[in-house]
Amino acid sequence: MPANLENSAVATGLEKSRKMSGELPPNINIKEPRWDQSTFIGRAKHFFTVTDPRNILLTNEQLEAARKVVHDYRQGIIPSGLTENELWRAKYIYDSAFHPDTGEKMILIGRMSAQVPMNMTITGCMMTFYRTTPAVLFWQWINQSFNAVVNYTNRSGDAPLTVNELGTAYVSATTGAVATALGLNALTKHVSPLIGRFVPFAAVAAANCINIPLMRQRELKVGIPVTDENGNRLGESANAAKQAITQVVVSRILMAAPGMAIPPFIMNTLEKKAFLKRFPWMSAPVQVGIVGFCLVFATPLCCALFPQKSSMSVTSLEAELQARIRETYPELRRVYFNKGL
């Protein structure tokens, strides 16, 4: 038998015996998501797992156990009896709680798995209590404070914001967002109640355009890490940061749209019915529930609009970085970076 055929037969035999014994192969690429990220369906499957609200109920012990499984596997240490499904489950638990660039454990309410329960509560209340200035002020402040935590937690890169930068970004983003909401609310005082219900969405959309760039301003100043396809770091690029932040702003606005555009029509009808007229206090819970239902689908599907590992042409980078890359990797055409969430 020729050597190459013999080697192939041996490899096939080893693979079969491994499957029969339940032994896990050491070459599963858990640095990448389980599903093909070049397709929307693959990204949607990935983000339905990442944003699973059940992950916020995991204990520190469970998170540390998942981190150990992932780190051990990357070092070639495979616990006896570990299955492929268990490995992927550990990887997604790890990814749900630890930052992809810094490896630090993320703030609980800033994790993507907290998006649905946190957003459904805040958004539902914003859309229920929108008629008075104090209510608008309070819920917009709560929403922008939450968004500031999320935007900081899911930033791209490993360069931390200083306390002064973080404080300035938070105050600027929150003030801009609240002022936008109050201004829009004042403009709609003499229009129909249905149109007034859309003020929170308009304010959230405008606020995302303010909050996200401000909370990630350091990326725009110093750039975010860019790599080749194999993950070799090539430098930092502010141009990549601009593309990443733009994609996140678009996905966040679209993420909020179903939960803030559909419920007004439903609530406008329900509030004319006898049930909510008799039990007006039920408006908030009903609205929160409707928003939550929308967010369960909108959150992962809108996160999936753009690949997490985004890319851009080398020619779109800063001239200095382009020159460095061409000197070391003359054949390289595209660079990759974590766009953040």
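Can you tell which of 52, 95 is of a type in the set (Asp, Glu), surrounded by fewer than 20 Cβ atoms within 10 Å (Cβ to Cβ) and out of contact with any Gly (no Cβ under 9 Å at 6 or more places or on another chain)? Please lay out each step first, then the result.
On the way: 95 fails: surrounded by fewer than 20 Cβ atoms within 10 Å (Cβ to Cβ).
Every option except 52 fails the conditions.
Output the helices (runs of 4 or more DSSP H) that fall wholly within the stretch 256-341 and possess 1 or more residues being farther than 20 Å from residue 111 by Cα and open to solvent by 70 Å² or more (accessible area, probe 1.4 Å), or say none.
263-270, 274-278, 319-328
Just checking, how many residues over the stretch 51-105 are hydrophobic (A, V, I, L, M, F, W, C) and closer than 17 Å to residue 27 by Cα?
8
Applying the selection to the stretch 301-341, what residues are out of contact with any helix residue (DSSP H, G or I) (no Cβ under 7 Å at 6 or more places or on another chain), under 23 Å from residue 218 (Cα atoms) and of a type in the set (Asp, Glu)?
Residue satisfying the conditions is 320 alone.
Any residue in the stretch 100-110 that is open to solvent by less than 20 Å² (accessible area, probe 1.4 Å), under 16 Å from the mean Cα position of the chain (by Cα) and closer than 22 Å to residue 177 by Cβ?
yes
Looking at the stretch 211-244, which of its residues are among the hydrophobic types (A, V, I, L, M, F, W, C), open to solvent by 10 Å² or more (accessible area, probe 1.4 Å) and either under 19 Å from residue 300 (Cβ atoms) or touching a residue at least 40 places away in the same chain (Cβ under 8 Å) (or both)? If you could, list the steps in order and put the result at the bottom.
First, pick out the residues of the stretch 211-244 that are among the hydrophobic types (A, V, I, L, M, F, W, C): 212, 214-215, 220, 222, 224, 226, 234, 238, 240-241, 244.
Add one more test, that the residue is open to solvent by 10 Å² or more (accessible area, probe 1.4 Å), and what stays is 214, 220, 222, 234, 238.
214, 222, 234, 238, listed by residue number.
Return yes or no: is residue 82 out of contact with any Phe, Trp or Tyr (no Cβ under 7 Å at 6 or more places or on another chain), open to solvent by less than 30 Å² (accessible area, probe 1.4 Å) and in contact (Cβ under 8 Å) with a residue 40 or more places away in the chain? Step through it out loud before you land on a result.
On the way: out of contact with any Phe, Trp or Tyr (no Cβ under 7 Å at 6 or more places or on another chain): yes; open to solvent by less than 30 Å² (accessible area, probe 1.4 Å): yes; in contact (Cβ under 8 Å) with a residue 40 or more places away in the chain: yes.
Yes; evaluated as a whole, the condition is true for this residue.
Here is a list: 90, 114. Which entry is open to solvent by less than 50 Å² (accessible area, probe 1.4 Å), out of contact with any Pro (no Cβ under 7 Å at 6 or more places or on another chain), in a helix (DSSP H, G or I) and farther than 27 Å from residue 148 by Cβ?
On the way: 114 fails: farther than 27 Å from residue 148 by Cβ.
Exactly one residue qualifies, and that residue is 90.
The values are calculated or read from the model by the stated rules, or taken from the named source; none is laboratory data. Everything numeric here is computed off the predicted structure, so don't read it as measured data. Note: ideal-geometry Cβ built from the backbone for every residue, glycine included; neighbour counts use all protein chains shown. Side chains are part of the model used for accessible areas, which takes the heavy atoms of the whole protein and leaves out ligands, DNA and RNA. Shrake-Rupley method; radii C 1.70, N 1.55, O 1.52, S 1.80 Å.
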